[in-house]
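A short write-up of the structure that comes next.
What follows is calculated from the coordinates using simple rules that are stated; it is not laboratory data. Note that the structure is a prediction, hence the values are computed from the model and not measured. Here the Cβ is made from the backbone with ideal geometry for all residues, glycine too, and neighbour counts use every protein chain on show.
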């Protein structure tokens, strides 16, 4: 189901987003304006350290690791956009960070997956999420109220926008730093791909009763979204599993950041 763009400025928005995404995830134009600052870019704080994840744990703990992912050009999880002289986030904090593998490719078996981000201390009161299909068509756009949010947030793709099997989708998560001057937006981006379960994995998941072991099966198959979503559900009962998973994708700096119950989409 395609998101309905009725106002004139949103029709222009779609045209500009499509043009901006012709060359593999270049900066989005999220309003009917031209932003030369997006071409120049802004030097944001360095992303979380990518150290060597721990391979061993003490007795009585659980461990889960996501395999190293293949390179896709020059992946980045660093925030982009904005102007050189303005930032709506705390420069002493970790930057806006998607919780994804290092190559920004998120595989999922779900038609309506859930995505996770770390949102730093920010003056922004609103965020936007944009989903673009493999024809560079906008299929979903929503805004979210942040309300002094600082921590890990999550957002599910709605049931009205099911992902098509085998397709790749581009997404942007945007901090609206100044609603009157959208050239100040800060954003992160990535790729979402729906894939099929192999018959062997489907059988193993059906036979496995332990939730953490199911997450490990997904991880071994390099299906990130079901891995992270399953482990997130265990965070209260098995917090070390979450820490281990996040460290394995080299996001140690946010491994112990709190989850924040916020950000219900407006549509």
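Show me 120-128, 156-164, 97-105 ranked by packing, highest mean number of other Cβ atoms within 10 Å first.
Put in order of decreasing packing, that is 97-105, 120-128, 156-164.
Just subtract the alpha-carbon distance of residue 143 and residue 159 from 0.36 nm times their residue separation and send over the number in nm, one decimal. Intermediate values should be presented prior to the final figure.
On the way: separation 16, 0.36 × 16 = 5.76 nm, distance 1.67 nm.
Result for the pair: 4.1 nm of gain on full extension.
Given the peptides 172-179, 140-147, 211-218, arrange them by the average over their residues of other C-beta atoms within 10 Å, most packed first.
Highest-to-lowest ranking by the protection proxy: 172-179, 211-218, 140-147.
Separation of region 121-161 and region 217-267 by C-alpha centroid, Å?
After rounding, the separation between the Cα centres reads 18 Å.
What is the gain in length, in nm to one decimal, between residue 114 and residue 167 on full extension, counting 0.36 nm per residue of separation less the C-alpha to C-alpha distance?
Details: separation 53, 0.36 × 53 = 19.08 nm, distance 1.67 nm.
Stretched out fully, the residue 114 to residue 167 stretch lengthens by 17.4 nm.
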